[in-house]
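Chemist: Here's a structure for you.
The values are calculated or read from the model by the stated rules, or taken from the named source; none is laboratory data. As the structure is a computational prediction, the values presented were derived from the model and not from experiment. Don't worry about glycine lacking a Cβ; one is built from the backbone with ideal geometry, like all the others, and counts go over all protein chains shown.
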Amino acid sequence: MTDSAERLEPCPFCRSTDLRHNVVDNGPVECCTCGASATSAYAWNRRAPAEAGAPEGWKPIETAPRDGTPILLFARGLHAQASIRLVGWWAYGHGWIEAAFAPNHPTGVVPSHWMPLPAAPAAPKD
């Protein structure tokens, strides 16, 4: 967090307080967790609050559901070093898997954190 005159609010997307901000020139603000950004502390703090029912932020993977529910994972491939955000789920007998890179061939991943997926958008009214 920053020591600027304007206190930074948590990230409106993942609720993290792990933020980068150049306080010397009130430069851009960036969330170190999800990558969201704004041009200044003023702009950052005036973003719309997270929707009701939106995810509450990243949680340790040990607390994730293991019932096949799709969730947002911060994970790396089995033989990779860098992690990315992706949708995955726990499959009994296989562990954590995802299908973003090969839809017909789910692959194993090594997640460190998770959060619930937001609710689907409401159907448009005619």
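Chemist: Looking at the range 13-32 only, could you name the residues that are out of contact with any strand residue (DSSP E or B) (no Cβ under 8 Å at 6 or more places or on another chain), in contact (Cβ under 8 Å) with a residue 12 or more places away in the chain and polar (S, T, N, Q)?
Modeler: Across the range 13-32, the qualifying residues are 17, 26.
Chemist: For the subset of the range 1-55 comprising residues that are among the polar types (S, T, N, Q) and outside any loop (DSSP other than H, G, I, E, B), which member is modelled with the lowest pLDDT?
Modeler: It comes out as 37.
Chemist: Please return the ranges of strands (runs of 3 or more DSSP E) entirely within the range 72-123 where 2 or more residues are surrounded by 13 or more Cβ atoms within 10 Å (Cβ to Cβ) and in contact with a helix residue (DSSP H, G or I) (Cβ under 6 Å, 6 or more places away or on another chain).
Modeler: Counting at least 2 such residues, we get 107-115.
Chemist: Check the range 62-75 and report whether any residue there is on the phi < 0 side of the Ramachandran plot and at pLDDT below 75.
Modeler: No, the range 62-75 contains no residue that is on the phi < 0 side of the Ramachandran plot and at pLDDT below 75.
Chemist: Using the structure shown, decide if residue 88 is modelled with pLDDT of 90 or more and of a type in the set (Gly, Ala, Ser).
Modeler: It is true that residue 88 is modelled with pLDDT of 90 or more and of a type in the set (Gly, Ala, Ser).
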